[in-house]
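Colleague: Here you go, one structure.
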Amino acid sequence: MKEDYLWNKTGSDTGIEQLENALAQFRFNATEPPTLPAKILALPEKRSYGFFKLGLVFAVSLVVVGSIVWMRFTTINSSAGFGDSAKQSEVRDVPVSIPAVDSKPAIDSGPREKHFVRTVQPVRIAARPIRIVAGRSQIKTQPEKLTREEKYAYGQLMLALAITSNELKIVRDKINGREERNAADDRQK
Amino acid sequence: MTSDLFLFAGRGGEKSAASRLVTPAARLVERIRAGEEEAFGELYKVFAPMVHGIVLARLPRDEVDDIVQDVFIAAYKNLSSLRDDNAVGGWLAMIARNRATEFFRQARQTEELIEATDTRGDSRSRAREILSAIRSCPEAYRDTLVLRLVEGMTGPEIAERTGLTPESVRVNLHRGMRLLRQKLGIEV
């Protein structure tokens with residue numbers, strides 16, 4: 001019977017009843033159910049800029065490749081027009097008169113038929129204005145020829161480029177976490 | 001021959017009907033899924049003592065009520081992860097155990113302090129002594145004893161709410177009771 005009380009509270013068991021009475025103070029007090037959280041609205045999905053970035057990279061690379069090809073093409077054309085005028089040729093048909101082969105005296109038989117021989121003659125092509133691509137040495141010497149205002153502008157541009165490159169370096173270091181490492185090194189020092 | 005066939009058909013039909021048996025708790029879950037907030041209140045009334053008991057078997061008393069509320073809110077939020085609506089009791093018990101473990105991990109140092117500072121009256125100290133003896137029992141016995149002695153549930157009720165089989169609840173109750181008596185120095 002004791003086990004029945006433990007199982008389904010039939011009968012009686014003083015020991016278990018005492019335990020129950022002692023522990024009754026910890027029993028669950030019926031409270032109100034918790035306030036339900038507001039229904040979560042489905043947020044619109046974040047737009048993926050992957051394709052946009054890919055397209056941008058493709059466009060930039062296309063522009064770069066195109067400009068390189070264009071530059072090379074123009075350089076080749078300019079060099080071709082520089083000294084190859086002598087090599088250019090034109091095929092012309094030049095009329096020549098061929099003497100008669102037979103040894104018989106020439107009898108005037110009216111106007112002779114004209115024969116044509118295909119010859120190759122050089123054609124002079126008017127030289128195109130030559131575009132010389134400035135070399136490094138020329139770039140270095142270029143500022144000497146600039147006016148005062150141009151020199152000032154050049155200096156300002158160089159300064160802006162230097163600042164920009166520094167900023168870019170800082171950003172790159174931040175991304176790579178170098179700055180933190182450097183700061184830690186400085187602190188150690 | 002034909003009668004045998006009908007007999008088998010009848011048995012098969014009974015079996016499939018039994019497998020499709022929907023408990024009242026499962027119906028509550030269905031209603032909650034349909035957006036009835038009242039059903040959630042009913043579910044809370046049915047299962048809150050069980051969750052309270054499981055949490056009380058592990059955590060300081062001051063924290064129990066908050067954790068019980070947290071368990072039900074977490075259950076409501078994650079109701080979509082419940083595969084079998086009939087097993088909602090076991091599922092809630094599992095959430096309660098997980099929350100208690102999580103809390104214990106985060107606030108291990110404060111637990112003993114709360115228990116140690118509360119020293120008022122003999123009956124209270126006796127109750128704390130019994131509760132701490134129950135808490136020192138293995139997990140299977142601990143839950144069953146708290147639900148039986150603190151929450152006042154019967155064995156079948158414990159089985160129904162926790163999703164355990166009645167046999168295992170019976171075994172846990174008897175073995176746990178024996179262990180508790182040993183710990184408290186009560187002679188059977």
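The values are calculated or read from the model by the stated rules, or taken from the named source; none is laboratory data. Just so it is clear, the model here is predicted, and its values are computed rather than measured. In this analysis, Cβ positions are derived from the backbone assuming ideal geometry, glycine residues included, and neighbour counts consider all displayed protein chains.
Colleague: Can you name every residue in region B:21-77 that is among the hydrophobic types (A, V, I, L, M, F, W, C), assigned to a loop (DSSP other than H, G, I, E, B) and under 21 Å from B:Ser136 (Cβ atoms)?
Modeller: Hits for region B:21-77 are B:Ala57, B:Leu59.
Colleague: Continuing with this model, one more query. Output yes when any residue across region B:38-52 is of a type in the set (Gly, Ala, Ser) and over 12 Å from the mean Cα position of the chain (by Cα), and no when none is. Give the steps one after another, and end with the answer.
Modeller: Pass one, region B:38-52, residues of a type in the set (Gly, Ala, Ser): B:39, B:41, B:48.
Of the ones still in play, those that are also over 12 Å from the mean Cα position of the chain (by Cα) are B:39, B:41.
There is at least one residue in region B:38-52 that is of a type in the set (Gly, Ala, Ser) and over 12 Å from the mean Cα position of the chain (by Cα).
Colleague: A further question follows. I'd like the full set of residues that are in contact with a Leu (Cβ under 7 Å, 6 or more places away or on another chain) and either surrounded by fewer than 21 Cβ atoms within 10 Å (Cβ to Cβ) or within 7 Å of chain A (Cβ to nearest Cβ) (or both), limited to region B:39-52. Full working, then the answer.
Modeller: Here is the first cut: in region B:39-52, the ones in contact with a Leu (Cβ under 7 Å, 6 or more places away or on another chain) are B:39-40, B:42-43, B:47, B:50-51.
If the condition is that a residue be in contact with a Leu (Cβ under 7 Å, 6 or more places away or on another chain) and either surrounded by fewer than 21 Cβ atoms within 10 Å (Cβ to Cβ) or within 7 Å of chain A (Cβ to nearest Cβ) (or both), then B:Ala39, B:Phe40, B:Glu42 are the ones that fit.
Colleague: Looking at B:Leu180, B:Leu149, which one is without any contact (Cβ under 8 Å) to a residue 40 or more places away in the chain, crowded, with 19+ Cβ neighbours inside 10 Å and in a helix (DSSP H, G or I)?
Modeller: On the way: B:Leu180 fails: without any contact (Cβ under 8 Å) to a residue 40 or more places away in the chain.
Going through B:Leu180, B:Leu149 in turn, just one is without any contact (Cβ under 8 Å) to a residue 40 or more places away in the chain, crowded, with 19+ Cβ neighbours inside 10 Å and in a helix (DSSP H, G or I): B:Leu149.
Colleague: So which residues in region A:4-34 are facing chain B (nearest Cβ under 7 Å), in a helix (DSSP H, G or I) and more than 17 Å from B:Leu147 (Cβ to Cβ)?
Modeller: A:Gly15
Colleague: Working carefully through the options B:Ala57, B:Ala34, B:Ala75, B:Ala39, find the one that is at pLDDT below 90 and either more than 22 Å from B:Ala159 (Cβ to Cβ) or not basic (Lys, Arg) (or both).
Modeller: When all the criteria are applied, what remains is B:Ala34.
Colleague: Follow-up. For B:Thr144, state whether it is more than 22 Å from B:Val64 (Cβ to Cβ), within 14 Å of the chain's Cα centre (by Cα) and more than 7 Å from every other protein chain (Cβ to nearest Cβ). So that I can check it myself, show each step before the final result.
Modeller: On the way: more than 22 Å from B:Val64 (Cβ to Cβ): no; within 14 Å of the chain's Cα centre (by Cα): yes; more than 7 Å from every other protein chain (Cβ to nearest Cβ): yes.
No.
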